[in-house]
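One structure is given here, and the rest of the page talks about it.
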Amino acid sequence: MYDIDIMRVSSCILVPRTLQIFEPHVHGGYEVHYVLSGRGAFDLEAQTIGVRQGDFFYTRPGTMHRMVVANGEYLLQYIAILELDPDHDADLADDMEAMVGEGRIRRLGDRYHALFAQISRQTMSIDSRQQRAASARMAGFLYDLMVDTPTASGSHPAVEHALEFMRSHIAVSYSLDDLLAELALDKSYFIRLFKKNVGVPPMKYAMNLKMSAASDLLRTTPEPLAAVAARVGFDDEYHFAKRFKQWSGTAPGAHRR
């Protein structure tokens, strides 16, 4: 049995698509990658693996690796760091190696977008219960991954179109009606279809993308709040601050401390 109070998700962030390359580096924990869109490659010591939308893989502690993205390309991905206790989490580490394998690509498609958005939000919470919940969700995800037979995404083309629209319109304010006009679909039908494939309603997922991007900007840039709000499609920084607090549980300023 895996002890989620020992296996800990120390961070889970949406890495901006503007990030093009990392220098070779190592981590003290397991580094988990889930690609939302784009394509690129990772150098893992003696091997290079290509990745694209929907791919999942991980690296072990101490493995030298780096991300490489060609000119004109991009990667939008979640990266999570897992801290495993060598004594209590040995079974989990062994199972991951046997059933998933370091650097081995699992093509998961779009079905875990909402899960990673939720884990990311919970790891940033100041509430320790939310942080433990993130670890529990990650443990459940890994367990499911190890017992399920890998499958292709199977997403409906309209859902894939909607997801690409959302990813490319993070900086734009738009409504569900705007999205429906792009897709030329009935509202009730599309909402049911999207929720079945992704797990949450379309505009909730769209807001998760915007807030995850805003969280990264708050942590990594000195831009004023109004500028951050504008970069994720908000004209009013006070409205943005309210929505951000609803999403993360903390005010935007707390992410800069």
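The numbers here are math on the coordinates, done by the rules we state, and not lab data. Treat the numbers as computed from the prediction; the structure is a model and nothing was measured. Glycine also receives a Cβ, built like all others from the backbone with ideal geometry; neighbour counts cover every protein chain displayed.
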In degrees rounded to 10, the 0-90 angle between helix 237-248 Cα long axis and the longest Cα principal axis of the chain is 40 degrees
Among GLN47, GLY109, VAL68, the residue whose Cα sits farthest towards the positive end of the charge dipole of the chain, when +1 is placed on the Cβ of each Lys and Arg and -1 on the Cβ of each Asp and Glu, is GLY109
The alpha-carbon pair-distance distribution computed for the range 35-82, with 10 angstrom bins and whole-percent values, is 25, 58, 17, 0
In whole angstrom, the spacing between the Cα centers of the range 57-72 and the range 161-188 equals 32 Å
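Quick check on the range 190-236: what does the Kirkwood estimate of hydrodynamic radius come out to from the alpha carbon pairs, in Å?
About 11.8 Å for the range 190-236.
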In whole angstrom, largest first, the equivalent ellipsoid semi-axes that the Cα gyration tensor gives for the range 114-216 are 26, 19, 10
Output ordering of 163-175, 100-112 (per-residue mean of other Cβ within 10 Å, highest first) is 100-112, 163-175
Expressed as a percent, the portion of alpha-carbon pairs in the range 157-256 spaced more than 24 Å apart is 27 percent
The Rg/Rh figure for the chain, Cα atoms and Kirkwood Rh, to two decimals is 0.95
Expressed to two decimals, the range 23-176 has a Cα Rg over Rh, using the Kirkwood radius, of 0.97
For ARG219 and MET146, extending 7 Å from Cα along the Cα-Cβ vector and measuring point to point gives, in nm, a value of 2.6 nm
